[in-house]
1. Here are the criteria: (1) β-branched (Val, Ile, Thr); (2) within 21 Å of the chain's Cα centre (by Cα); (3) at pLDDT 95 or above. Tell me which single one THR350 does not satisfy.
2. Need pairs with beta-carbon distance below 9 Å; first residue hydrophobic (A, V, I, L, M, F, W, C) and within region 419-438, second buried (at least 24 other Cβ atoms within 10 Å of the Cβ) and in a loop (DSSP other than H, G, I, E, B); sequence gap 6+ or separate chains.
3. Can you name the number of the only condition in (1) farther than 20 Å from PHE533 by Cβ; (2) open to solvent by 10 Å² or more (accessible area, probe 1.4 Å) that THR473 fails?
4. Among the residues that make up region 44-52, is at least one of them on the phi < 0 side of the Ramachandran plot, under 26 Å from the mean Cα position of the chain (by Cα) and at pLDDT below 85?
5. Somewhere in region 360-370, is a residue at negative phi and either of a type in the set (Phe, Trp, Tyr) or outside any helix (DSSP H, G or I) (or both)?
6. Just need a number here: residues in region 235-284 that are aliphatic (A, V, I, L, M), part of a strand (DSSP E or B) and in contact with a Gly (Cβ under 6 Å, 6 or more places away or on another chain).
Amino acid sequence: MATLLPPPKRQKVYHGHGIPESEKPPSEQSSSPYIVVQFVSEDDGSPLAPAVSLPANVSREDLQSLVNKLTSKEDEPVPFQFHVALPASVVAKAKESTRIVISKSIEADVLSHPSHAFSPEDILLVHCSPQSVFRVRPATRCSSSLSGHSSPILCASFSPTGNLLATGSGDTNARLWDLFTETPSHTLSGHQGWVLCVEWEALERKLATGGYDSHVRIWDPKTGMPDGNVLKGHSKWITSLAWEPIHINPTSPRLASSSKDGTVKVWAISTRRLEYTLGGHTASVNVVRWGGGGLNGKGVLYTASSDRTVRIWDSNGGKLLHTLKDHAHWVTTLSLNTDFVLRTGPFDHTGKRPASDQEAQSRALARYNALISSTSELMITGSDDHTLFLWSLFPSRSDSNNPSEVAASNGGKLKPLARLTGHQRQVAHVVFSPDGRWVASAAWDNSVRLWDGRTGKFVATLRGHVGAVYRLTWSADSRLLVSASKDTTLKVCPSLEDALQRANVSPQIWDLKTYKIKTDLLGHTDEVYCVDFVADKIVSGGRDRMVKIWKN
């Protein structure tokens, strides 16, 4: 008996019209157009290679491989983020973003953009921005809700390694939390008023807290006990704390405290003595930052005040170097492009701990120098006048413009690099990304705005929150942005490859490709006052008296 062969398989057809699926309709048979692309550096706009002709449907991953090949980085490939700047005429109409991020391909993202600003006949300038070689996973769930505080949580901060967490509350206590077990570790009792700020030393050997009682206290995080006597001297509550950078003083860094009384005090922690007081401001000093630059590289103090001025001081002796009077209202927030590397000192994504103070100093200095190698230490200030100013006060060695010479040429006035406008209400918080390439600002107009961290140019508006946005924090790889809001939510936005993708009012995740919310971190039942991000963990706290840990 002959073997019967099975019948041939039925051929799939296209939408039931009798056309084989492999044969697309005539309208889809046309191949992707070829376009001329010029890859340029995000930093200075210089060409990275000669212009090349490519199919428009080449994927972003293939573009990345091509740029690495053209720039001779095939042995150690670098991840890139690509974008095309929109023409000024289109930006004036849209007012939401100034660039198109290439997330899929040039054809899908640029040529098909709703603005129809580009055609295959154009020579496209594709800006290439190198990204961190490691990637932080976005948080998607609340892993723990930690109770213990009996009043609203006003401040929260991870230690530089991310192994410890400190929170301060209106119940007059600060608390330390064990992040391995996500349970309480120590209760730091001693303040007689609200604990308004907590600040870790960059080697996480000490924790400083400042309170409404006008006192500064130093704690041993291993035991939870006070480390020496309380630091008294201020006459009103403490508004901000800043440690001396590890690359300047690794053995016994000093501490600066600002206060509502209009002064900044610098303390020698080893002797518990007051070194000097900065008394030039005529109203509350709202923020103090200890920068790693200065003309001699020994560090400077930046202070922002309700007297509408920002002042820069020499950290050795407290000599006034500059007074900036451009803001028309209280200056409430200040950030440096070096904040992240100064805060984390010698600790990077590898997690290696230095064996000695000397090793810690050298590693911290190497990280600092790597960041400012292409630009100087920049400062951005935000005010109740709805504006921000970007400043470069101490140029890098490669910059021949001395600030004193620039000021002399402008009649004695030091001018900012840029004035950033767009917010419709008071600016609540501003922060540089860890790599210094981006700036995010939050305001009482319920929005978050993204800016170029080197030029101050507007990039995008992230909308989604339905209440004032209080705080912002970036992930260590500069790809994720988290915002905390009055609307009880957190929103997480993957930075410029992702951050041009997301927005909201609780902790939320922003999608920086679509400028809309990627993820909402829902769980708080009242206003979220503070948020911090380290490794793949986010902490938030607020009026509901709960500390929440968020993870992937």
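The values are calculated or read from the model by the stated rules, or taken from the named source; none is laboratory data. Predicted model, so just to flag it, every value in this text is computed and none were measured. Please note: Cβ atoms are built from the backbone with ideal geometry, for glycine as well, and neighbour counts cover all protein chains shown. The accessibility values were calculated without ligands, DNA or RNA, using every heavy atom of the protein model including side chains. Shrake-Rupley method; radii C 1.70, N 1.55, O 1.52, S 1.80 Å.
1. So THR350 meets the others, but not (3).
2. PHE432/ASN337; PHE432/THR338; TRP438/SER478; TRP438/LEU496
3. Every condition holds for THR473 apart from (1).
4. Within region 44-52, one or more residues are on the phi < 0 side of the Ramachandran plot, under 26 Å from the mean Cα position of the chain (by Cα) and at pLDDT below 85.
5. Yes, there is a match, as at least one residue in region 360-370 is at negative phi and either of a type in the set (Phe, Trp, Tyr) or outside any helix (DSSP H, G or I) (or both).
6. The total comes to 4.
The rows are residues; the columns are (1) over 17 Å from the mean Cα position of the chain (by Cα); (2) modelled with pLDDT under 95; (3) basic (Lys, Arg).
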residue: GLU377; (1), (2), (3): no, yes, no
residue: THR387; (1), (2), (3): yes, no, no
residue: LEU390; (1), (2), (3): no, no, no
residue: ARG397; (1), (2), (3): yes, yes, yes
residue: ALA408; (1), (2), (3): yes, yes, no
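Residues checked against (1) at pLDDT 90 or above; (2) open to solvent by 10 Å² or more (accessible area, probe 1.4 Å); (3) not in a loop (DSSP other than H, G, I, E, B):
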residue: VAL430; (1), (2), (3): yes, no, yes
residue: THR455; (1), (2), (3): yes, yes, no
residue: ALA460; (1), (2), (3): no, no, yes
residue: SER483; (1), (2), (3): no, no, yes
